[in-house]
Amino acid sequence: EQEQPTGPKVKIVCNSGTVNIRVGNDTKYSRITSVKDGATFEWIATAENGWHAIVVNAQVGWVSGKYSQVV
């Protein structure tokens, strides 16, 4: 069994239903996937522009701080 990380998480907060997760911390980067409102992910870092690095599908992805919060 793998231990679940106990560090900070990033929770998706959006009204539109889904939020894009990208390979970089800007909308100019390509989309990895989209995730639903209320989903939580392991937090890695927050960039100066407010985007959060998270773990999604065993890789690092980025989500806008407008649609997410560290919890």
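The values are calculated or read from the model by the stated rules, or taken from the named source; none is laboratory data. Keep in mind that this is a model prediction, so the values were computed, not measured. Cβ sites come from the backbone with ideal geometry, for glycine too, and all protein chains shown count toward neighbours. Just so you know, the surface numbers come from the protein's heavy atoms only, side chains and all, with ligands and any DNA or RNA stripped out. Shrake-Rupley method; radii C 1.70, N 1.55, O 1.52, S 1.80 Å.
With charges only on Cβ, +1 for K and R and -1 for D and E, what is the dipole size of the chain about its Cα centre, in debye, rounded to 20?
Numbers: 7 positive and 6 negative charges, 65 e Å.
Here the chain has a charge dipole of around 320 debye.
Return the loop-located trypsin sites (Lys or Arg not before Pro) in the chain (DSSP other than H, G, I, E, B) with at most 14 other Cβ atoms within 10 Å of their own Cβ; answer none if there are none.
Values: sites: K9, K11, R22, K28, R31, K36, K66; in loops: K28.
Counting only loop positions with at most 14 other Cβ atoms within 10 Å, the trypsin sites (Lys or Arg not before Pro) in the chain are K28.
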- [ ] Specify which residue in the list V10, V63, A53 is farthest towards the positive end of the charge dipole of the chain, using unit charges on the beta carbon of Lys, Arg (+1) and Asp, Glu (-1), about the Cα centre.
- [x] V63
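Ranked from the most accessible area to the least, with a 1.4 Å probe and all protein chains present, what is the order of E42, E48?
E48, E42
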Open item on the list: If you wrap a convex hull around the alpha carbons of the chain, what volume per residue comes out, as a whole number of Å³?
Closed with: 85
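Which FRET efficiency, nearest 0.05, do S16 and E48 yield, Cβ-Cβ r, R0 22 Å? Write down the numbers at each step before the final one.
Values: r = 25 Å, r/R0 = 1.14.
With R0 = 22 Å, the Cβ-Cβ based efficiency is 0.30.
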TODO: Scan around S68 for amide H atoms under 5 Å from its own, H built in the peptide plane at 1.01 Å from N, and keep only partners 5 or more places away or cross-chain.
DONE: V13
